[in-house]
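What follows draws every value from the coordinates through simple rules; no lab data is involved. Nothing here was measured: the structure is a model prediction, and the numbers come from that model. When we count neighbours, we look across all protein chains shown, and the Cβ atoms used for this are built from the backbone with ideal geometry, even at glycine.
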Amino acid sequence: MAGQALIGRALLAVRGTHNAELRLSSPLESLVVEGEGVVGADLTYNGKPWRIRARRGVLLAAGGFEQNDELRKRFGVTGPSKWSVGAPGNQGKALLAGMAVGAATDLLGKPGGRQVSCIRMALQRLRSGCSAASL
């Protein structure tokens, strides 16, 4: 399942539970780590800092880095970002935040059927039973 379809289904499921609040246009600034686990995220919402605390885990589903020329060069993706069909917001912020707290990465710079980067992240420092991915 492609990233957009996966996120679309996840958003429908979340909306259907009436147990969650969706806030769009809230860029990730960093992950919150306590002890050995990622327990939340610092975001910007309506121009102000905002911290989310997670109860069960943190899922990063935030696109790739197709629009970031520095990361493209670092991970061996050919061509400039202006040639990419990726969303303008795909700057790799979630990838960098995960790596900053010790995430393992795989498949960086490998095309996923088109000239974009596939990223699979496993945050090794998450509490047991939690998972994370950047799609």
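General remarks:
- Between amide H atoms placed 1.01 Å from N, distances below 5 Å from VAL38 occur with LEU126, ARG127, all of them 5 or more places distant or on a separate chain.
- Neighbour net charge for THR44 - beta-carbon separation under 12 angstrom, K R +1, D E -1: +2
- Modelled FRET efficiency - R0 41 Å, ALA20 with LYS82, Cβ distances, 0.05 increments: 0.70
- Over all other residues within a Cβ to Cβ distance under 13 Å of ASN68, the charged ones net out to +2, with Lys and Arg as +1 and Asp and Glu as -1.
- With the simple model of a label 7 Å out from the Cα in the direction of the Cβ, LEU11 to GLU29 spans 2.4 nm.
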